[in-house]
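Undergrad: I'd like to ask you about the structure that follows.
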Amino acid sequence: MRRVPAQGTVPDWWDQATRTLARRDPVLRQVIENSRDRVLRSRGNAFQSLARSIVGQQISVKAAHAVWGRLEASLGRVSYRQVSASDLALLRSAGLSARKAEYLMELAAWFASGAGRRIRWPELTDAEVISVLTERRGIGRWTAEMFLIFCLLRPDVFPVDDLGLLRALRELYGSARGERSAAAEFGEQWEPWRSCATWHLWRHLDPVPVAY
C-alpha cells in the first residue's frame, strides 16, 4: 500500500521538472536559478497539511504563519487529537475567524472518527482527491490543490485561484497573463510539471518557501 510521502520528502521528479522548465522558459529559468538551494518538501501529515491550508485561506503567508504559531503555543502539536480536545474559543483566540475555527474542528472530527485516516490518498487521482476533499465543509478547490502539492507531491497542479500565483504571472509575463481566465491556458506550456512551475512562481514573490 502506498503511503503519504514522509515529512521532508523531496519529489523524485523534482530535478527532471526543474531542468525541463528551465530549458523551455527563459523567464522561469532565472527564478529557478535563484532558488537552487530550496526545494519542495512534503508536509508528511494529511491532517496538518489540510489544517494549514484552511488557516491560510484568503490571508497572507505571514499572517497564516503567525496564526499557526499561536495555535502551536496553545495546543502544542497541532494534531487532530489536540484540536478535537480543544474548543472554538481557544481556536478563535489564536486568530482564526469563527468560520475557520468551525472548519478546523470539523476536519479534526473527521480524522478522529477514522474516516479521514482510512482514505488511501496516494492511490487516488488528482481529480478524485479534489472530489473527496471538496465534499468537506471549508475545503474548496484551492485547499485541495495545496494538499495535492504539499502533502502528496503531485507534479502537475496549477492553482489558478491562488492570488500569489496570479500576481507572479502578472509581474513576470504581463498583466494579461495574470487574469484567471487566461492563466490556465498560459500554464499549459509547463505541463506535466505545473506544480514545480507554481512553486517557483511563488519564490519570485517570496524567497522563503511556503509549506502547507
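No value in this document is a laboratory result; all are computed from the given coordinates. Predicted, not measured: the structure shown is a model, and the values here were computed from it. With ideal geometry, Cβ positions are generated from the backbone for all residues, glycine too; neighbour counts draw on all protein chains shown.
Undergrad: Hey, any hits in the stretch 84-93 for a residue that's surrounded by 13 or more Cβ atoms within 10 Å (Cβ to Cβ), under 24 Å from residue 153 (Cα atoms) and touching a Leu at 6+ places or on another chain (Cβ under 9 Å)?
TA: Checked against the condition, which is being surrounded by 13 or more Cβ atoms within 10 Å (Cβ to Cβ), under 24 Å from residue 153 (Cα atoms) and touching a Leu at 6+ places or on another chain (Cβ under 9 Å), the stretch 84-93 yields no hits at all.
Undergrad: Scan the stretch 76-86 residue by residue and report those that are free of Cβ contacts under 8 Å to residues at least 12 places away in the same chain and over 16 Å from residue 114 (Cα atoms).
TA: Listed by number, the residues that qualify are 76, 77.
Undergrad: Among the residues of the stretch 130-169, what is the count of those that are closer than 27 Å to residue 16 by Cβ, among the β-branched types (Val, Ile, Thr) and out of contact with any helix residue (DSSP H, G or I) (no Cβ under 6 Å at 6 or more places or on another chain)?
TA: Qualifying residue count, the stretch 130-169: 0.
Undergrad: Among residues belonging to the stretch 183-204 that are among the aliphatic types (A, V, I, L, M) and surrounded by 17 or more Cβ atoms within 10 Å (Cβ to Cβ), point out the one that is farthest from the chain's Cα centre (by Cα). Don't jump to the end; show me each part of the working.
TA: Taking the stretch 183-204 and keeping what is among the aliphatic types (A, V, I, L, M), we get 183-184, 197, 201.
Still in the list and also surrounded by 17 or more Cβ atoms within 10 Å (Cβ to Cβ): 183, 197, 201.
Numbers: 183: 18, 197: 14, 201: 14 Å.
Of everything passing the filter in the stretch 183-204, 183 is farthest from the chain's Cα centre (by Cα).
Undergrad: Still on this structure, I have one more. Looking only at helices (runs of 4 or more DSSP H) that lie completely in the stretch 1-104, which have at least 1 residues being closer than 23 Å to residue 166 by Cβ? Walk me through how you get there before you give the answer.
TA: Numbers: elements: 14-24, 26-34, 46-56, 61-75, 80-84, 88-93.
It comes to 14-24, 26-34, 46-56, 61-75.
Undergrad: Only one of (1) more than 25 Å from residue 60 (Cα to Cα); (2) of a type in the set (A, V, I, L, M); (3) loosely packed, with under 15 Cβ neighbours inside 10 Å is not met by residue 112, so which one is it?
TA: Condition not satisfied by residue 112: (3).
Undergrad: What number of residues within the stretch 133-166 are more than 25 Å from residue 182 (Cβ to Cβ) and outside any loop (DSSP other than H, G, I, E, B)?
TA: Residues meeting the conditions: 3.
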